[in-house]
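Structure first, commentary second.
The values are calculated or read from the model by the stated rules, or taken from the named source; none is laboratory data. Keep in mind that this is a model prediction, so the values were computed, not measured. When we count neighbours, we look across all protein chains shown, and the Cβ atoms used for this are built from the backbone with ideal geometry, even at glycine.
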Amino acid sequence: MAFRDIRLIGDPVLRTPCSPVTTVDDRVRTLVADLLETVDHEGRAGLAANQIGVGLRAFAWNIDGDIGYVLNPAVVATSDETQDGDEGCLSVPNLWFPTKRASWARVVGTDLDGAEVTVEGEGLMARCLQHEVDHLDGMLYLDRLERGCASRRCAPCATSERRLGALGVHERRFVGHTGLTPLSFATPVTVERVGEDVTRATGGST
Ligand SMILES: [Zn+2]
């Protein structure tokens, strides 16, 4: 069991769909132990296997003191009602963007013994479940942002572009979004904290 480093945007493992877990062996048991240990940290709401460099379909959550994991998760149901809160990602540190998600979601998968596991919830849990399954499909929440102004004269867009640039990301498709008001801009943090604790007072990154 180990506290693992988080892979950051730009790492190909985050853009590669993860493979199903077909056999529960020592590698998978170690993966689950590492996910649980690594997600158990202030400001961390969820963690997908590829965020610690393992291309298998598994994630862990840490919501309101409840920590758990699921293998081979699939989102099987979501509410029509949506939520628009800020979302962050441990692999895209220091940025949060308003991201539309279903208000409620249910995920079904299995545990290490092969038993079926159902995880469901609303609010942050729903956001986490959708965010983590996206990770396992090689997606980042940035892909889901609504595109908006994209003006080079827009101060928030320029700030997001600069911060992403500091992470080595220079894709303009990731800047210039509708309602770009990351709360993190109000409490500046430095890029030296990348890979460290990238938390906010409320919510969490996943
Ligand atoms: Zn994430």
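For the structure I just gave you, tell me whether residue 3 is within 24 Å of residue 96 (Cβ to Cβ) and either away from the ligand (no atom under 16 Å from the Cβ) or among the acidic types (Asp, Glu) (or both).
yes
Based on what the data block shows, is residue 110 among the β-branched types (Val, Ile, Thr) and surrounded by fewer than 21 Cβ atoms within 10 Å (Cβ to Cβ)?
yes
For region 87-127, which positions are more than 16 Å from the chain's Cα centre (by Cα) and closer than 26 Å to residue 53 by Cβ?
Across region 87-127, the qualifying residues are 108, 109, 110, 111, 112, 113, 114, 117, 119.
Tally time: how many residues in region 117-160 are outside any helix (DSSP H, G or I), at pLDDT 95 or above and polar (S, T, N, Q)?
1
Taking the conditions exactly as written (within 16 Å of the ligand (Cβ to nearest atom), of a type in the set (Val, Ile, Thr) and in a strand (DSSP E or B)), does residue 54 satisfy them or not?
For residue 54, the condition - within 16 Å of the ligand (Cβ to nearest atom), of a type in the set (Val, Ile, Thr) and in a strand (DSSP E or B) - is not met.
For region 101-134, which residues satisfy the criterion of being within 16 Å of the ligand (Cβ to nearest atom) and touching a Ser or Thr at 6+ places or on another chain (Cβ under 8 Å)?
101, 105, 107, 126, 127, 128, 130, 131, 132, listed by residue number.
Can you spot a residue in region 4-23 that is surrounded by 13 or more Cβ atoms within 10 Å (Cβ to Cβ), free of Cβ contacts under 8 Å to residues at least 40 places away in the same chain and in a helix (DSSP H, G or I)?
no
Could you tell me how many of the residues in region 25-47 are out of contact with any helix residue (DSSP H, G or I) (no Cβ under 7 Å at 6 or more places or on another chain), at pLDDT 95 or above and buried (at least 16 other Cβ atoms within 10 Å of the Cβ)?
5
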